[in-house]
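Input: a single structure, listed below in C-alpha cells.
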C-alpha cells in the first residue's frame, strides 16, 4: 500500500549488510552529544551547531516576598528627625484613696506621663550592572530591573530578621528589635518573657501568654503569634486529634481531607498564626566565615578554656541535676559586616547542678563587636554544637559565661497585639534607589531604607524563649540532639 513504511525500505542499510567502508562512514556521523561546556573542535563533534535551549522564566530557589511576614503587617509611619519622640500615659493616678467620708475633700492625685524615643537607623545595599550587560538581549527581562528587585528582596530579609532580633548593644548601628524592646522595657520582664525550657509551643502556653497581655498592668489583647516554621508545625499537630468534619452529602471536595490551621480562639480573643521563615532554630557552629574579607571579624582565639564554678552575685544558674554532665563549646565573633568561623574551645567540660561556665576569648586581627556562643546538649559529642546566645565584646579579651539560660538549638516566638496601640515602624526614608556616579563601565546604585521600630506598650507582647521541637518531629529537633552522638 502506497505510503506505508516496511523493513524492506531499510534493506542494505543495516550493519550486518554493510561493507567495512560503509560502517566506517557511519561511525563518522555527526553527534549532538550532551556536553554542557564546549569539548573543543574535533571531527564529528556537533556541539558548535547546537543552539542553547534556555527557559525564559527565571526560577527562584530562595525565599519569596510573602515570606516576609512581620514587615508586611507593620504599620509604617513617617519620621521627621533622626530621633523620634513620643509620649506615654502610664498612670491615671498613683494613689488608691478613692473612698471618702461625708463632707471630705477627696485626696489629690496626678497622672503619670513619660517621654520616650527611638533612634532612626540606616540600611542599604549597593548594586551594579556592567554597561555591556545592560546592552545585551537578556533571557529574563531587563537586567537592571531584575537586580533592583533582587536588592530589595535582600534588604527585606535583613530587615525582617532585625525586626525580631536587632540589638544595638551587640551591633551598635542596628536598631533594637521587638524581642530586645520587650525584654528591656516590659513592666515585668519575668512575666513577659516565658521560658519553655525546650518544650514545643502548645495551646496552653498561648493561653498563658494571652492572659499576661490582658491583665494588669498591660491591659492589652494578643492578636498575632510569630514563630519558626517548625514551632508552628508542632503547634498545628496538636489540633489534629480534635479534628471534626462535617461531611457533605456529595462527599469531600476532590477527595481532599485535612485542616489548614491559621489560628485559634484563646480565652481572650482570636490569635492568628504567622510562621516566619526568618525565625529559626539555633544553627550549627559556622565552619567558614561569612562577609567581606578584610571587614568581617577574624576568628577569635581561646585565652582561657571553659571552666565550671560557683555563680556570682545576681547570677542564677539553670543547670539542674538533669543537666549535669559534659559539654563542648565553640565561639564565633560577629560585627556589622559578618561572622568569623568558630573556634573550638577546649573540652569536654564537666558541669554540676547550680554551677556556671566561664571562658575567655581574645580578638582576632579584626575584632568583632560581639561573640556567638555555641554549645552541645549534655553528654553529646563535639561537632553538634548549636547556637545558644550572643554576648557583647568587652575588651581585647572577653569573658563569656553560660548559666544555661539559653538552650542550644531552640528558637523564640512572639505573641503580640498587632496594632498602633502596641507598635509601628517610623520611616525617615522609605525604600529608595539613588544612582551613583559613573566611574567605570558599570551602572551602580544604592538601595536604602531609614527607620526603626517603635514599641509604644511593651507589656502588650510576650516572648517565648527556648522553644523546642516536639519529640519525634522531623528536621531541626533540639529534643533529639542526643541521638546525634549515639
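Here are the numbers:
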| item | result |
| --- | --- |
| Enumeration of residues in the stretch 441-482 that are more than 23 Å from the chain's Cα centre (by Cα) and at pLDDT 90 or above | 441, 442, 443, 444, 445, 446, 456, 457, 459 |
| Pair list, Cβ < 6 Å and 6+ apart or interchain, from the stretch 425-452 residues that are outside any strand (DSSP E or B) to residues that are surrounded by 14 or more Cβ atoms within 10 Å (Cβ to Cβ) | 436/444; 436/445 |
| Selected residue [modelled with pLDDT of 65 or more and more than 27 Å from residue 217 (Cα to Cα)] from 30, 58 | 30 |
| Given (1) within 14 Å of residue 319 (Cα to Cα); (2) more than 20 Å from the chain's Cα centre (by Cα), index of the condition residue 375 fails | (2) |
| Subset of the stretch 272-285 (residues that are touching a strand residue (DSSP E or B) at 6+ places or on another chain (Cβ under 9 Å), in a loop (DSSP other than H, G, I, E, B) and surrounded by 18 or more Cβ atoms within 10 Å (Cβ to Cβ)) | 276, 279, 281, 282, 285 |
| Residues of the stretch 219-235 that turn out to be out of contact with any helix residue (DSSP H, G or I) (no Cβ under 7 Å at 6 or more places or on another chain), surrounded by 18 or more Cβ atoms within 10 Å (Cβ to Cβ) and within 27 Å of residue 117 (Cα to Cα), as a count | 2 |
| Residue within the stretch 173-181 that is assigned to a strand (DSSP E or B), in contact with a strand residue (DSSP E or B) (Cβ under 7 Å, 6 or more places away or on another chain), under 22 Å from residue 388 (Cα atoms) and touching a residue at least 12 places away in the same chain (Cβ under 8 Å) present | no |
| Selected residue [at pLDDT 95 or above, more than 30 Å from the chain's Cα centre (by Cα) and either in a strand (DSSP E or B) or over 19 Å from residue 292 (Cα atoms) (or both)] from 358, 317, 307 | 307 |
| Qualifying residue in the stretch 62-73 (condition: farther than 22 Å from residue 417 by Cα, surrounded by 10 or more Cβ atoms within 10 Å (Cβ to Cβ), touching a helix residue (DSSP H, G or I) at 6+ places or on another chain (Cβ under 8 Å) and modelled with pLDDT under 80) | yes |
| Residue 312 being modelled with pLDDT under 95, out of contact with any helix residue (DSSP H, G or I) (no Cβ under 9 Å at 6 or more places or on another chain) and outside any strand (DSSP E or B) | yes |
| Answer from 405, 391 - the residue that is surrounded by 15 or more Cβ atoms within 10 Å (Cβ to Cβ), over 25 Å from residue 201 (Cβ atoms), under 21 Å from the mean Cα position of the chain (by Cα) and modelled with pLDDT of 95 or more | 391 |
| Test: residue in the stretch 198-217 that is without any contact (Cβ under 8 Å) to a residue 40 or more places away in the chain, closer than 30 Å to residue 83 by Cα and either buried (at least 17 other Cβ atoms within 10 Å of the Cβ) or touching a helix residue (DSSP H, G or I) at 6+ places or on another chain (Cβ under 7 Å) (or both) | no |
| Residue tally, condition in contact with a strand residue (DSSP E or B) (Cβ under 7 Å, 6 or more places away or on another chain) and not in a strand (DSSP E or B), over the stretch 329-340 | 2 |
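The values are calculated or read from the model by the stated rules, or taken from the named source; none is laboratory data. Not measured: the values here are computed from a predicted model. Don't worry about glycine lacking a Cβ; one is built from the backbone with ideal geometry, like all the others, and counts go over all protein chains shown.
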